[in-house]
Amino acid sequence: MQSRIRKNDTVVVVAGRERGKSGKVIRVLPKEDRAVVERLNIVKRHTKGSGPQSPQGIVEKEAPIHVSNLMLLCESDSCNRPVRIARRRTDEGKAVRVCKKCGRQIGE
């Protein structure tokens with residue numbers, strides 16, 4: 001199934017340790033139904049150095065979050081809150097994402 005969340009979307013975390021925080025999607029992992037959100041779900045990895053370009057030490061990086069714990073943020077003036085989205089077809093036959101609260105097209 002195609003994910004409703006795409007790269008560069010602004011999302012809000014609705015469940016888990018980071019609940020209530022928002023951020024921009026950096027990467028989507030469709031096979032695992034997960035997304036990496038900027039500055040959220042930070043984990044520490046102990047890395048072994050392999051030359052000057054990747055030094056050893058403790059590295060902090062973003063871990064993926066399951067898409068069921070994310071909601072898209074509608075940035076229209078009337079909504080400006082996390083919303084569910086629907087898929088509608090335009091007159092040209094292209095499928096677009098639409099906010100279920102205000103009916104405004106999201107993205108594109």
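Every number here is computed from the coordinates shown, using simple stated rules; none is lab data. Bear in mind the structure is a predicted one, so any value in this text is a computation, not a measurement. Cβ placement follows ideal geometry from the backbone for every residue including glycine, while neighbour counts extend to all protein chains displayed.
Annotation: lysines with alpha-carbon distance below 18 angstrom to Lys21 (same-chain offsets under eight excluded): Lys7, Lys61.
Out of region 71-108, which trypsin sites (Lys or Arg not before Pro) are coil in DSSP terms and have no more than 16 other C-beta atoms within 10 Å?
Arg84, Lys94, Lys100, Lys101, Arg104
The alpha-carbon of Lys94 sits under 17 angstrom from the alpha-carbons of these aspartates and glutamates, leaving out residues fewer than 8 places away in its chain: Glu108. Using θ = phi - 60° and the Karplus curve 6.51 cos²θ - 1.76 cosθ + 1.60, what whole-Hz ³J(HN,Hα) does each residue of region 46-62 get, with Gly and Pro shown as x? For region 46-62, the Karplus-derived couplings read 8, 10, 8, x, 9, x, x, 6, 9, x, 7, x, 9, 10, 9, 8, 7 Hz, x marking Gly and Pro. The local environment of Arg27, defined by Cβ-Cβ distances under 12 Å, has a net charge of +1 under the rule Lys, Arg +1 and Asp, Glu -1. Measuring between their Cα centroids, region 48-108 and region 21-42 lie 8 Å from each other.
Near Lys44: Cβ cut-off under 9 Å, other residues only, Lys/Arg at +1 and Asp/Glu at -1. The net charge is +1. Only loop residues by DSSP count here, and only those with at most 14 other Cβ atoms within 10 Å; note down the GluC sites (Glu not before Pro) in region 1-70 that meet that. Those that pass, being in a loop and sparsely packed, are Glu32, Glu38.
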